[in-house]
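A short write-up of the structure that comes next.
The values are calculated or read from the model by the stated rules, or taken from the named source; none is laboratory data. It should be emphasised that the depicted structure is a prediction, and the values quoted were computed from it without experimental measurement. Cβ atoms come from the backbone with ideal geometry, glycine included; neighbour counts cover every protein chain shown.
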Amino acid sequence: MTRLGENAYEASRDLSSLSTDQKNKTLKLMAESLSDNKHDLLEANKEDLYIANNTGITDALLDRLELNEERIESMISGLISISRLPDPIGEITNLKPTPSGINVSKMRVPLGVVGIIYESRPNVTADAAGLCLKSGNACILRGGSEAINSNLAIYKSLLEGVGISKAPNESIQLVETIDREAVKKLLSMKEWIDVVIPRGGKGLVQLVTDEAKVPVIKHLDGICHVYIDEQCDESKAVSISVNAKTYRFGICGAMETLLVHKRVAKSILPKIYDEFTREKVEMRGCSETKEIISVESATDVDWVTEYLAPIISIKVVNSLEEAINHINNFGSSHSDCIVTEDQSKANLFINKVDSSSVMHNVPTCWADGYEYGLGAEVGISTDKFHARGPVGLEGLTSQKYLVKGQGELRGK
């Protein structure tokens with residue numbers, strides 16, 4: 001682990017001065033290598049899935065673990081997309097003279113070395129490596145033991161592209177052991193690592209947060225809400241609610257709680273009930289919800305639970321203000337949506353809901369770096385420092401001041 005840290009630190013110094021053309025060439029070669037090795041990736045993933053199926057892993061984690069043609073193509077297109085994005089490194093802003101005559105501006109610079117600890121999703125190996133390289137950062141990747149074969153196969157492919165491009169080989173490094181002590185060591189390497197990003201379940205994120213001796217960019221839960229306002233388009237409200245929950249149950253942007261204004265509840269809830277029943281979603285509701293549709297009783301625990309499964313809690317509310325208060329009290333500051341045709345209410349919701357993504361008339365499952373035009377993401381942050389929301393290229397950078405003058409001296 002110390003060797004990985006030392007190698008990453010040295011590579012980060014070279015990467016910080018790598019030209020945009022060199023970085024883009026490397027990303028494209030990494031994408032080509034993934035495409036050439038597609039068969040090997042699928043075979044490695046089959047081995048991980050076979051082991052996982054025999055260890056009682058949850059359906060949500062199995063879904064995250066699985067690679068298929070479409071997901072491999074998504075990794076490839078993600079790298080290509082990142083290569084086409086503007087390079088943030090070296091960008092200068094806020095150039096302005098000061099009263100003393102000196103000129104002060106800011107330059108965007110890499111963070112340095114980024115440690116990324118993640119579970120299940122092998123696509124993170126490619127996404128994180130691509131984003132770190134484009135933003136001039138070296139990365140140390142530590143995937144979950146359940147995806148070790150998939151991650152190794154992806155890593156090997158990425159290294160082929162890096163080798164051909166002649167970028168520093170240690171720009172991307174994978175922790176190849178599944179020993180959990182490696183994670184603890186990674187979290188303590190403050191002399192080599194500038195920031196750690198955990199991506200996975202609450203247990204992993206909490207462990208990283210509690211034990212890290214370096215800064216952490218994270219989110220703990222994805223307790224996302226859709227609020228259906230009394231002035232909604234009912235057809236739109238039903239389709240948004242169903243998509244927000246059923247697009248993929250295991251993603252952090254999946255809706256976990258549905259809030260419905262009492263004036264439209266009797267009309268909308270039976271339609272939503274029929275759709276969720278077809279999708280085999282278990283519904284749990286408040287007492288007002290139970291008077292309208294036949295569902296299990298929701299408890300206080302349901303309002304603070306990230307199910308990552310075909311389960312949803314439903315609450316009837318009396319007003320927009322009650323919905324906003326519920327979200328701010330029980331949500332996780334991840335992604336929350338209002339469905340309404342009243343722009344003033346949408347504006348109030350957007351201003352008052354304290355989440356990293358606040359949405360109007362779109363399902364919460366859109367909370368994704370690729371869909372936001374970031375090329376890909378290394379995770380979604382619900383913190384307010386240093387980055388918030390999907391963390392793409394800009395979230396993997398910092399800034400330094402540039403001060404220029406003509407020999408001006410500061411007087412006593």
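The table below gives the values:
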quantity: Residue in segment 121-129 that is crowded, with 24+ Cβ neighbours inside 10 Å and among the polar types (S, T, N, Q) present; calculated: yes
quantity: Any chance Phe249 is aromatic (Phe, Trp, Tyr), out of contact with any His (no Cβ under 8 Å at 6 or more places or on another chain) and modelled with pLDDT under 95; calculated: yes
quantity: Close pairs (6 angstrom Cβ cut-off, 6 or more residues apart or separate chains): in contact (Cβ under 8 Å) with a residue 60 or more places away in the chain and under 13 Å from Glu69 (Cβ atoms) in segment 28-40, among the aliphatic types (A, V, I, L, M) and surrounded by fewer than 21 Cβ atoms within 10 Å (Cβ to Cβ) anywhere; calculated: Leu34/Ile76
quantity: Matching residues, segment 295-323, being without any contact (Cβ under 8 Å) to a residue 60 or more places away in the chain and buried (at least 23 other Cβ atoms within 10 Å of the Cβ); calculated: Ser313, Ile314, Lys315, Val316
quantity: Unique residue being part of a loop (DSSP other than H, G, I, E, B) and either at pLDDT 95 or above or of a type in the set (A, V, I, L, M, F, W, C) (or both) when the list is Leu18, Leu4; calculated: Leu18
quantity: Condition check for Leu49: over 30 Å from Pro86 (Cβ atoms) and under 26 Å from the mean Cα position of the chain (by Cα); calculated: yes
quantity: Filter pass, Thr26 being crowded, with 22+ Cβ neighbours inside 10 Å and under 15 Å from Gly136 (Cα atoms); calculated: yes
quantity: In segment 356-412, the residues that are under 24 Å from Asp221 (Cα atoms), of a type in the set (A, V, I, L, M) and part of a strand (DSSP E or B); calculated: Val358, Met359, Ile380
quantity: Breaking point among (1) β-branched (Val, Ile, Thr); (2) buried (at least 16 other Cβ atoms within 10 Å of the Cβ); (3) modelled with pLDDT of 90 or more, for Val403; calculated: (2)
quantity: Options Ile164, Ile193, Ile178: the member that is on the phi < 0 side of the Ramachandran plot, modelled with pLDDT under 95 and outside any helix (DSSP H, G or I); calculated: Ile178
quantity: Residue within segment 52-72 that is within 20 Å of Ala128 (Cβ to Cβ) and hydroxyl-bearing (Ser, Thr, Tyr) present; calculated: no
quantity: Thr364 of a type in the set (S, T, N, Q), over 21 Å from Val304 (Cβ atoms), more than 11 Å from the chain's Cα centre (by Cα) and surrounded by 15 or more Cβ atoms within 10 Å (Cβ to Cβ); calculated: no
quantity: Of residues in segment 196-213 being farther than 21 Å from Gly253 by Cβ and among the charged types (D, E, K, R), the one surrounded by the fewest Cβ atoms within 10 Å (Cβ to Cβ); calculated: Asp210
quantity: Considering residues of segment 135-158 that are in contact (Cβ under 8 Å) with a residue 60 or more places away in the chain and surrounded by fewer than 22 Cβ atoms within 10 Å (Cβ to Cβ) only, the residue farthest from Lys46 (Cα to Cα); calculated: Lys156
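Let's see how each residue does on (1) of a type outside the set (Ser, Thr, Tyr); (2) in the same structural domain as Val195 (by TED's automatic domain parsing):
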position	(1), (2)
Met359	yes, no
Tyr372	no, no
Ala376	yes, no
Gly395	yes, yes
Lys412	yes, no
